[in-house]
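Scroll down for the structure; my scribbles are underneath it.
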Amino acid sequence: MRVASLVSYEQALERYDPVLGLEVHVELDTVSKMFCGCPTGFGAAPNAQVCPVCLGLPGALPVLNERAVESAIRIGLALNCTVAVECRFARKNYFYPDMPKNFQTSQYDEPIAFDGWTEVEVDGRSYRIEIERAHMEEDTGKSLHVGGATGRIHGAHHSLVDYNRAGIPLIEIVTRPIVGTGALAPVVARAYVAHLRELLVALAVSDVRMEQGSLRCDANVSLRPGPDAPLGTRTETKNVNSLRSVERAVRYEICRQASVLGDGGTVTQETRHWHEDTGITTPGRSKEQAEDYRYFPEPDLAPIAPDAAWVEELRETLPEGPRERWARLQAGWGFSDLEMRDVAGAGALVLVEQTIAAGATPAAAKKWWLSDLARRANEQGVEPAALPVSPKQVAQVQALIDAGRINDKMARTVFDGLLAGEGTPEEIVVAQGLVVVSDETALGAAVDRAIEAHPDVAAKVRDGKVAAAGALIGAVMKEMRGQADAARVRELINSRLVTVTPGSDLASQ
Ligand SMILES: [Zn+2]
């Protein structure tokens, strides 16, 4: 292993310009599989979701899932792709135990969507990512190698195959080479996959759970001496299944390839495996050329010719783009550019939006998420969204303040209770006895007692030293354990000690 001799990332970047290519497989969350009626749920007993079609039994004929085509078109449109007027499926022939037909039904020279683009933001800079194609295909089954230490086939004494996943609809989204990212290549790769994930959530076409494999990234990396040089030989690190791993795998490959090239070696075109535990990649198989698969048109499926009117109908169902969304929210909330950036920078855009939707004003929603809750998230080292306080609860706390039942100080106590899992805001208010006393009789009696207990202070106030009333207010607040409205207490004290003459300042209080 050459690990010990790897050059540093900074050294690699001094000598080479990295180029990325990202292939993302998305499992669609259709109810049934791509070409049969089998269910697609995750976690069923092995081989409980199979039929003659997805097992590839002789004579079984596929029937295309219309919903999968619809999702493929919507994904293509969201990525600014051209949708094919007509396209076909192809058989990609290779033998693999978890692929019972010995060919994968995919698309080859006629993808359903092509020539698109999207944009990702990194450190306030926008990177345009060109999309080469988005095509439909079916997932394979899963092999389980038993008896070895690593779970890989080497060292195993037998293997089991689960075909539940075979035939689940997949969309493969392929970028063109991504150039010009420089040292930010690993971050841009991660940001792109994160961006796709958000887009797919907004489209509601996949559950995008990377840990369950419903979103997987193959990261192609190559190096060249400079931005004007031709592209170098690339490696493809397969099935990277977390955002963090995408960033780490790209970074590792840049260092590894720079080390190989720096020693006068050549990079082998191959697929590589990513090892989460050790943070390295190791060689897989050397990369087949497309012709090795002997693609040919799938004879059992008719070409797909999506009706133009249908495509336009689907375009209408697209979620708004990130820029339109930003502008709409800013206009609706009346925030300045700086306020919007603060909210987004705190990771609270969606939280503020949901808090407002739950009934809070924009100012109140921003106040809590950017002050108290941001501070608590920071203390715990988590994103605000990971706090056990929901936007709805924040709106409920604000509603209690607006109703005059609690004050801001008490609201902080309620948030403490929410973070400690003590129940709803209402329950915490009741359990902790957090009530602003608005009982005039009780307040008036407390004021009378305070005046009686501090005759010297009362005398000063009577003589016109209004500021002296602070001591009386303090005494009342102490008696009411902080649960009185201080402004109302002052009014009651004034009404007892200060003779209001028309035209004086106090008359208006
Ligand atoms: Zn089936």
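Overview of results
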{"quantity": "Qualifying residue in region 101-120 (condition: in contact with a Pro (Cβ under 6 Å, 6 or more places away or on another chain) and either closer than 19 Å to Ile168 by Cβ or part of a loop (DSSP other than H, G, I, E, B) (or both))", "calculated": "no"}
{"quantity": "Candidate set: region 58-84, residues that are out of contact with any Pro (no Cβ under 8 Å at 6 or more places or on another chain) and in a loop (DSSP other than H, G, I, E, B); chosen: the one nearest to Asp115 (Cα to Cα)", "calculated": "Cys81"}
{"quantity": "Some residue of region 254-262 being among the charged types (D, E, K, R), open to solvent by less than 70 Å² (accessible area, probe 1.4 Å), closer than 26 Å to Tyr96 by Cβ and modelled with pLDDT of 95 or more", "calculated": "no"}
{"quantity": "Cβ-Cβ under 8 Å pairs, at least 6 apart or on other chains, region 148-176 side at positive phi and assigned by TED's automatic domain parsing to the domain that holds Leu20, far side within 16 Å of the ligand (Cβ to nearest atom) and part of a loop (DSSP other than H, G, I, E, B)", "calculated": "Gly167/Lys33; Gly167/Met34; Gly167/Phe35; Gly167/Cys36; Gly167/Cys38; Gly167/Val53; Gly167/Cys54; Gly167/Asp139"}
{"quantity": "Enumeration of residues in region 15-71 that are within 13 Å of Glu138 (Cα to Cα) and open to solvent by 60 Å² or more (accessible area, probe 1.4 Å)", "calculated": "Asp29, Val63"}
{"quantity": "Odd one out for His145 among (1) at pLDDT below 95; (2) part of a strand (DSSP E or B); (3) more than 30 Å from Val50 (Cβ to Cβ)", "calculated": "(3)"}
{"quantity": "Yes/no for Thr278 being among the β-branched types (Val, Ile, Thr) and either in a loop (DSSP other than H, G, I, E, B) or touching a helix residue (DSSP H, G or I) at 6+ places or on another chain (Cβ under 7 Å) (or both)", "calculated": "yes"}
{"quantity": "Val311 part of a helix (DSSP H, G or I) and in contact with a strand residue (DSSP E or B) (Cβ under 7 Å, 6 or more places away or on another chain)", "calculated": "yes"}
{"quantity": "Residue in region 194-207 that is within 21 Å of Arg272 (Cβ to Cβ), within 22 Å of the chain's Cα centre (by Cα), in the same structural domain as Ile73 (by TED's automatic domain parsing) and without any contact (Cβ under 8 Å) to a residue 60 or more places away in the chain present", "calculated": "no"}
{"quantity": "Those residues of region 9-55 which are small (Gly, Ala, Ser) and modelled with pLDDT under 95, in sequence order", "calculated": "Gly41, Gly43, Ala44"}
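The values are calculated or read from the model by the stated rules, or taken from the named source; none is laboratory data. Note that the structure is a prediction, hence the values are computed from the model and not measured. Note that we place each Cβ from the backbone using ideal geometry, even for glycine, and neighbour counts take in every protein chain shown. Accessible surface areas use protein heavy atoms only, side chains included; no ligands, DNA or RNA. Shrake-Rupley method; radii C 1.70, N 1.55, O 1.52, S 1.80 Å.
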